C-alpha cells in the first residue's frame, strides 16, 4: 500500500474519510500537496507508478487507456506491454508477448535498424523517432511509427517504445499516387464538356470535349472569361449560377454558347463549387450538348399548332388567332368558312389512304392560292378545312365562296388518276352569327352540314338557315328540351379490341338523337347546343345510367369482362355532384365499378387542382379514367403526371396519317412509350386500315377501335359480330408468336423501369460499379440520399470516384471497392459528403464464377453520427465517474426481458452483464417480493411515470441482497413506451446499519455519521477515484477540486443525461397493405426470376395485412431478400412468400430452395460490421436488420446447407388502439 501524506487537512474531515473508507471495505489514499506559498502542485512518482506496472495487471492506468502501443524493452526482451501493444502484436494477454525479443516481430533488416536507433538514445532526456515494419503473431503485416526513449525500469536501464499503427495511411498514400492518372484520363475523355473556373470567372482547366463543342483550342479557352463565350441574353443567368456556386450551391441551367465558327450550341450545365480545406476556390462545370434535343422540342411545339400532313395551321392555331382578333378589335369583320370535301370517304376507301392523303395536299395548295394576303386556311382534321376571311362584306364573302368552289371542282391529278371532288361550305360571320369562338365555329359547321343536306357542292350562310323553322339552332334547342323529356336518345356501341389478346375487351357508348322529323342525328349536330344550354347535364346522366345498365345486362349474359366507356363533357365534369351521380348509377345498375370507364379531355384540366381532386374521388369509387384525344392539346404532357388516370386515347388525326407522315409515326411511338413508362395503357382510335393496325401492334399499343373493325352499332349488334371482329384481328394482325414476343420484351422493360423507380424513390441510395481498364466506373446510382449528398445520377454514372469526390475521400473508398471486386461478400464502410454521413454495404454480383459488377446499398446515418459526437463530447467529462459507479443500470423491455445491464452488476450481484441480458428481470427476485415488483412494473407501463421498489435478490453465493430500484419509462415521440431504465443499488449494508442504529444508542457520533453517509456518498467517492488516477500521473490543477465539488450536486442529472442521449431514428410511417406491396415486388422481380428459371409463389393467409411502415424502406428489405434468394439458386428453384398472423404480429416468410447458410454464420447475421462471405445470404443484410428494427420488428433466419433458407420478418399489425389498451406483463 502506498504511503499517505496529508497537509492542512481538517481533523474532523480526516476522521470522517477514514470511517467511510472502512465501511465500504476500501482504504482510499490521497497524496495531496498544496503549496500555499509557491502555487505549484507536484507529485514525485517513479515510472513504475506511472505505468501501473507494479502490479503489472493494475487496471485503469493511463497506459491501459491510451490507444497507442507502449512497451518496455530490457536486456533484449519485452518486459511490459500495455493492452494496445498486446492487441497490436496479435496476442490476447500480456504473457503471450513477455520475454520475447523484438526480432520475433521484425524483419532482420528492421531489427538492425532498431539496434542502431538504441545506440542513438544515450541519455534519459534523449528520444528518437522511427518507423518500421512488424509482423504480429497472427501473421498480419503492420507498418508503425513512434519514439524510443531510455528510462529506469525496476532499477535498471530499459527502453520505452511508444508506437502507433500507420498501415492504412501508407496504403492510402500509395493508392493516391496510382489514381492521379486515372482521374486525368476520365476528365480528358469525358464526352461532356468538363471545365473549372476560378473565382474571377476565368477558365483554369478544360477537357477535350470543351474544344470539340466550342471550336476553340485549349489555349484560347484558358485565356478567356466564361462570359466571353456565352450568348448575350444568357449572360445574366450564367453569372447568377456562377455566384450561386461560389456561395456553396449546386446550380443547373441551360446556356447558349457561341462557337468559334459563330454557331450557337445549347448546353445543359451543372455548376458546383470547388471546395479545398473548407474554402471555395472556384467552380466545376459540366455541360451536355442538348442542341438536337432542343430542336426536337421546338419541332414538337410547332406540331402542336400545325397539321402534320399538310403543314397548315390546325384547330388549335385557329382558336388562338380567333381569340386574339376578338380580344384586340371588337369592330373587326371576320368570316369563318367551314369546308368539307364531298365524297372524300368514298375516294379514301376505294383508292386507298395514300391517294386520299395526296388529294388533301393538292386541296390545301389550291385553297391557299385562292386567298388574299389577310386570309388564312386551316385543316381541322380529315377532310375538314376552315378558311378565315378578314374585312369582307357579304358580296366579297359570296365571291370568295364561289371562287373556292370553282377551284375545288376542277379535277385533281393524283398519280395516274384524275380525282373529282367538290366542297360543301358553311359560313358564319362576326358579330352577326356569334360573338365567341365556339359560336362562330359551331354555326359555320352547322351551315356546312346544311349545305351537304341540300345537295352538296354549294355554300350556305348560317344567318339564312335560321329562317328554317326546323333546322335553325333555336328550334333544335327547343326540340332538345323535349327530347330529354320524351327519351328520344339512343346509345350506339363501338367495340374496343385488345391488340395483345386480340379479343374485344370493351365498348364505347356513343349517344344519338332519334329526332322525330330529322331522323337519327349525330352528336355534332346537337352536343354544342346541349353544352351551351346546360341540357348536356340531363343527357349525360341518361347516357351514364343507360350505359351502366346495358353493361350489367351483358355481364349477366356471360360477357363479364366487358368494360363500357362513356364520354364526359366539360360541363358535366364541372358540376359538384359528378361523383355522387356516378356512385348512384353504379348502385342502381349493380355494375362493378371496375367495368366503367370515363373519358375526359384536356379542357377539363384548366383548373388543375379541382380536376385532380375530382378524378381522385372518382378513382376511389373503383372506376377507370381515360384521357380522350390525347396529343391534340399542347398541355397534355405537362399535366399528365398530375392526373390519376389509367389510359390514353391517341387522337384519330395521328393514326390516320401514319403511313404517309413519318412525323406522325414518331409522335405515336413517343406517346405509347411515354404512357407505358408511366404505367398507363394506350388506346388508338380511328383505325381504318391494316397498315395502321400492324404499326400499332408492332409498337405495343394496348387497344384499338375504328371502322377497320367496326363502326358504332345499336343495341346488342356488337355481340353478334364478336366472332367476325376477333377473326379479322387474327387474320389481319400480327402473328401470335411475334405479338407475344414483343409483349414479353415490353414486360421485361417495364419491370426494369419499375425497379429503377424503386431505387430512385428509396430514402437511401443504391449504386453499382465495375472495373474496366483498372478503373472503377459507376453504372447505376440513385436514391434520395444521393441528392442529399449534393450529387445527381448524371454526376456519378459513367464516372469514377475521382470525378465527383475529393482525392482523400476517394482513397478511403478504393480499398472496400477493391475488396468487393475481388469477391468478398458484405464489405462495408462509412463515408461523409457535404456534411451527410452514410453507411454503405457492398456485395459482388457473380456470373459464370466471375465478379462482373458490385452493388452497394447505403443509408443515411448523419443523425446517429451527430448523436455519437455529442455523446463523445459529453462523455469526456464524465467517463471516469460513470465507469466507476457502483449503481446498477439496466434496460428492460415491455415484457420484462433485460436488454442491457451495466458492468456494475457483476461487481454487486456477481453476475456478468452477458448472463443477465436476455433473462427475465424477475427470475432472481425473492418469491415474497414478486407480486410487489410485478405490480410496480405494470404501474410504470400504465402511468408512464417513475416508480420505486425494494426487493430481495438472490446472489450466486447463496445469500439474499436487499436492492433499492427506481424504474424510469423511456417514451417515444408519440408517448408510447420503448423501454424501462432501472437504476438499482445494494442497500443491504445500509439497512443493516439502520437496524443496528435503531437497536443501539451507544454508537459514537462518528459511527452514526459513517452509517448514514456510507450510502449517500458512495458514488461521489468512486468519482474521486478517477481524479486520483490523474493525480498519480502528475496532473494536478486547482480546477480539478472545483469540478469534483460541482459534480457531487449534478451526479444524478449526469447519469440520466447519459442514458437518454440516443434517440431512435424517425421513419415516415404510413398504413400499408403488405399484400399489395408484396404483389408490386413480385412484378418488379419477375423479370429476373424468369431469366434465372425461378418460380415465385404467394400464399396470403393474413386476414389483416396492414402495418405502419415506411413502404420504400420495407420494399428495399424485400428486394434485397428476394434477390439474394434468386442468387442462391443458380440452377433455378422456387421462392415461397407466405403471410400469416402469430401472437398479434404479421409474419412474412420468404423461403427458397437455394444453397443455404452454415449455422455459425446464421448465429452472427445482423451483427455490426460482420462480414458474411457465403453467397446468397443477404445483400444489404445489415441495412435490412436496421430497417426492420426501426419498425419495431424482427428478422429470423433458418437454413440448412444445400436445402434452402427461410427468412421470417415479423412486424406489428396496425390496428386502432383505445386508452388503456397497453398490454401489461403477467408472470406465473
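Side notes on the structure shown:
- In this structure, residue 177 and residue 1069 have a Cβ-Cβ separation that, at R0 = 45 Å, corresponds to a calculated FRET efficiency of about 0.40.
- Among 170-179, 801-810, the order from most to least packed when residues are scored by Cβ within 10 Å on average: 801-810, 170-179
- Segment residue 1091-residue 865, extension gain: residue separation times 0.36 nm, minus the distance between their alpha carbons: 77.2 nm
- Ranked by the mean number of other Cβ atoms within 10 Å per residue, highest first, peptides 524-535, 903-914 order as 524-535, 903-914.
- Treating r as the C-beta distance of residue 991 and residue 1163 and R0 as 51 Å, the FRET efficiency rounds to 0.75.
- The stretch 1070-1212 - percent relative contact order, Cα under 8 Å, separation 6 or more: 25 percent
- The stretch 764-860 - percent relative contact order, Cα under 8 Å, separation 6 or more: 29 percent
- Cα gyration tensor shape for the stretch 316-467, rounded if a/c is under 1.5, else prolate or oblate: prolate
- Segment residue 960-residue 518, length gained on full extension (0.36 nm per residue, minus Cα span): 148.4 nm
- The alpha carbons of the stretch 1070-1212 give a radius of gyration and a Dmax of 14.2, 39 Å, in that order.
- Label-point separation in nm, residue 432 to residue 609, each point 7 Å along Cα→Cβ: 4.6 nm
- Sequence-separation-based contact order of the stretch 494-642, relative, with Cα cut under 8 Å and 6+ spacing, percent: 19 percent
- With each label modelled as a point 7 angstrom along the Cα→C-beta vector, the residue 224-residue 936 pair spans 8.2 nm.
- Mean Cβ count within 10 Å, highest first, over the residues of peptides 706-717, 729-740: 706-717, 729-740
- All alpha carbon pair distances within the stretch 764-860 were sorted into 5 Å bins beginning at 0; the resulting P(r) in whole percents reads 3, 14, 25, 30, 18, 7, 2, 0, 0.
- For the stretch 212-285, the calculated P(r) over all alpha carbon pairs, in 10 Å bins from 0 to the bin holding the longest distance, is 19, 48, 29, 4, 0 percent.
- Net lengthening on full extension, residue 281/residue 68 (0.36 nm per residue, minus Cα-Cα): 72.9 nm
- Once both labels are positioned 7 Å from their Cα atoms along Cα-to-Cβ, the gap between residue 1189 and residue 549 label points is 6.5 nm.
- In this calculation the C-beta distance from residue 477 to residue 454 is compared with R0 = 25 Å, giving a FRET efficiency of 0.70.
A short reminder: the numbers here are calculations on the coordinates, not readings from a lab. As the structure is a computational prediction, the values presented were derived from the model and not from experiment. In this analysis, Cβ positions are derived from the backbone assuming ideal geometry, glycine residues included, and neighbour counts consider all displayed protein chains.
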